[in-house]
Amino acid sequence: MRLPLPEKAEAFLKRVGPLYLGGTFRKAATGEVFPVLNPATGEVLARVARGGKEDVDQAVALARKALEGSWGRTSPDERGRLLFRLSELIEAHADTLAALEALNVGKPYAEARTADIPLVAQHFRYFAGWATKWGGEVLPVSFPGEYLAYTRREPVGVVGAITPWNFPLLIASWKLAPALAVGCTVILKPSELTPLTALYLAELMEEAGFPKGTVSVIPGYGEEAGAALVAHPGVDKISFTGSVEVGKGILKQAAETLKRVTLELGGKSPVILLEDADPKRVLKGALFASFFNQGEVCAAGSRLFVPKSKLDYFLENLVTGAQAIQQGHPLDPRTQMGPLISREHMERVLGYVQRGLEEGATLLTGGEPNPGAGPGFFVKPTIFLAEDGQTIAREEIFGPVLSVLPYEDPEEVARRANATPYGLAAGIFGQDMRRAIRLAHALKAGTVWINGYLLLDAASPWGGYKESGIGREMGRYALEHYTEVKSVWLNLT
Ligand code: NAD
């Protein structure tokens with residue numbers, strides 16, 4: 001059983017291909033294309049322009065022109081109006097966007113339709129409101145004389161936005177919405193694995209009426225289009241979401257031109273069950289934290305700390321819960337978990353399973369492909385009873401692999417949870433709020449959820465401690481990273 005593909009999605013798959021160069025859809029300068037796959041079947045969904053250095057050069061020239069011209073002159077009210085209009089268009093096209101995202105990423109349609117796409121619309125709406133509210137301040141200076149001293153918040157300039165494949169449109173909106181709200185221009189380089197919804201968004205931006213050059217979408221490979229953006233002296237800032245390894249490389253390269261850089265990177269997030277946690281709520285929460293979106297979540301709760309006294313209960317019920325997860329085609333309404341993004345990624349995830357076994361972790365369920373779910377890249381939800389030092393409990397796997405880590409001493413659990421180079425997110429389940437909050441304050445993580453997981457809202461800042469990143473997205477904190485502060489002094493004597 002499969003939901004029919006919305007007509008608009010079908011029509012889009014027939015016409016998609018060109019890149020979006022500041023208002024015009026055209027072929028890559030080299031004329032080359034690359035295939036985009038449906039990971040549930042391994043079939044080609046579309047062939048898309050392979051953007052490279054020349055396309056980036058042209059997009060930068062257009063973006064700089066727009067900054068100095070039509071977009072630069074746009075009032076905050078007009079920018080807000082355009083962003084509101086875009087959010088309305090996203091809602092009007094939500095079924096189509098969700099179907100394209102589900103097909104290209106492999107996530108269940110219902111998740112794309114109820115989580116990804118409504119959040120995308122919310123992001124544009126939220127930052128539309130900020131366009132008219134983000135300004136400077138008058139400063140109480142003491143320098144001898146009489147002065148009017150104030151700050152202005154000016155757009156940082158041309159932003160290169162580089163995004164991953166797990167939440168393609170949502171993460172693009174985390175960058176586009178605040179950047180446009182404050183008056184930047186943006187060149188978006190979506191992941192080569194999932195460029196479809198970014199190109200659909202380009203069409204919606206055209207319809208909304210953004211001036212030419214304000215936004216370009218250049219699909220292509222990281223080492224080509226991505227690296228060209230990072231190296232370009234005409235790009236003022238890189239906003240990157242992806243792996244730690246690539247993020248570190250970008251930071252080094254960006255030093256050449258001293259670009260502003262924000263990085264949203266990987267994680268190995270702990271979920272801590274306290275003794276008094278409500279078992280039913282916890283089970284649901286722990287399964288969701290580790291297996292939502294096939295476990296392909298930067299903040300996946302992939303280390304589950306369970307009190308030894310409750311271990312048997314949780315192991316038994318977690319395994320039953322994992323085995324009940326229905327895997328299948330993303331457009332099948334019964335599907336609760338789709339395929340992994342690619343064959344290469346599936347092999348990487350299975351490599352971690354192998355490593356876990358070699359290092360002595362106990363495999364409780366899963367750990368193998370699931371050909372019964374379809375011809376694509378399906379891996380069964382996997383649970384290990386593991387130890388802190390084992391590779392599966394230390395490294396980001398970015399797939400449906402959960403390490404259960406027993407603990408006895410509640411005073412020790414924060415130290416163990418923090419003993420990782422990552423610091424993106426954490427979860428705590430328990431009823432004694434004083435304990436839960438003390439623990440939340442002790443955890444080195446950008447976000448801590450108590451009695452919930454993966455709660456996201458455009459108003460709540462998002463970002464990592466330690467090697468999980470630099471800077472924050474969402475909330476007013478995101479705006480800081482897209483503006484320069486200018487001090488202006490006027491001598492009144
Ligand atoms: P990735 O680092 O391989 O790729 C991310 C993007 O960078 C892609 O668009 C890719 O083409 C581009 N890229 C690759 N090499 C490049 C280079 N040399 N120069 C410029 N650009 C380059 O990551 P991925 O596999 O797409 O995504 C998975 C990773 O993303 C995981 O580590 C995950 O934790 C992280 N992630 C983090 C967040 C967050 O908010 N912190 C959110 C989602 C994903």
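The values are calculated or read from the model by the stated rules, or taken from the named source; none is laboratory data. For clarity, every value in this text was computed on a predicted model and none was experimentally measured. Glycine also receives a Cβ, built like all others from the backbone with ideal geometry; neighbour counts cover every protein chain displayed. Note: areas computed on protein heavy atoms with side chains; ligands, DNA, RNA excluded. Shrake-Rupley method; radii C 1.70, N 1.55, O 1.52, S 1.80 Å.
The table that follows gives values for the structure above.
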quantity	calculated
Global size of region 44-116 as Cα Rg and Dmax, reported in angstrom	17.0, 43
Relative contact order, percent, region 197-326 [alpha-carbon distance under 8 Å, six or more residues apart]	18
With DNA, RNA and ligands ignored, accessible area of Phe84 (1.4 Å probe; Å², nearest 10)	90
Close Lys-Lys pairs in region 215-294, where close means Cα under 26 Å and separation is 8 or more or interchain	8
Karplus (6.51, -1.76, 1.60) ³J(HN,Hα), θ = phi - 60°, over region 426-443, in Hz, Gly and Pro reported as x	7, x, 10, 10, x, 10, 7, 5, 5, 5, 5, 6, 4, 5, 4, 6, 7, 7
Lys/Arg +1, Asp/Glu -1 at C-beta; region 208-362 dipole; positive extreme among Ala322, Ala225, Val349	Ala225
Leu45 long-range amide H proximity, modeled H, under 5 Å	Val36, Leu37, Asn38
Sequence ranges 252-261, 467-476, ranked by mean other-Cβ count within 10 angstrom, highest first	467-476, 252-261
Where chymotrypsin sites (Phe, Trp or Tyr not before Pro) fall in DSSP loop in region 163-240, at most 15 other Cβ within 10 Å	Tyr221
Dipole of the chain, positive end: most advanced residue of Leu479, Ala9, Gln336 [Cβ charges, Cα centre]	Leu479
Amide H contacts under 5 Å for Thr365, placed H, 5+ residues apart	Ile383
Rel. contact order, % - alpha carbon contacts under 8 angstrom, at least six apart, the chain	18
Simple spin-label estimate for Ser487 and Val33 in nanometres, 7 Å along Cα-Cβ	5.5
Mean separation of Cα contacts under 8 Å, 6 or more apart, over the residue count of region 270-463: relative contact order %	27
Over the chain: helical MRE at 222 nm, DSSP H runs n ≥ 4 each giving -39500 (n - 2.57), nearest 500	-11500 deg cm²/dmol
³J(HN,Hα) computed for each position of region 481-491 - Karplus, 6.51 cos²θ - 1.76 cosθ + 1.60, integer Hz, glycine/proline x	7, 10, 10, 9, 9, 10, 8, 10, 10, 10, 6
DSSP-assigned coil residues among GluC sites (Glu not before Pro) in region 378-408, each with at most 11 further Cβ atoms within 10 Å	Glu408
Anisotropy class of the chain from Cα gyration tensor, a/c 1.5 cut	oblate
Residues whose placed amide H lies under 5 Å from that of Asn370, excluding near-sequence neighbours	Phe378, Val379, Lys380
Per residue solvent-accessible surface (Å²) - the chain, probe of 1.4 Å	41
³J(HN,Hα), Karplus 6.51/-1.76/1.60, whole Hz, each residue of region 284-292, x for Gly, Pro	4, x, 5, 5, 5, 4, 9, 10, 4
Set of region 114-129 residues, backbone N closer than 13 Å to the point 7 Å along the Cα-Cβ line of Leu3	114-118
Hull volume in cubic angstrom per residue (convex hull over the Cα atoms of region 270-463)	121
Nearest-20 debye value, the chain charge dipole, Cβ charges on Lys, Arg, Asp, Glu	780
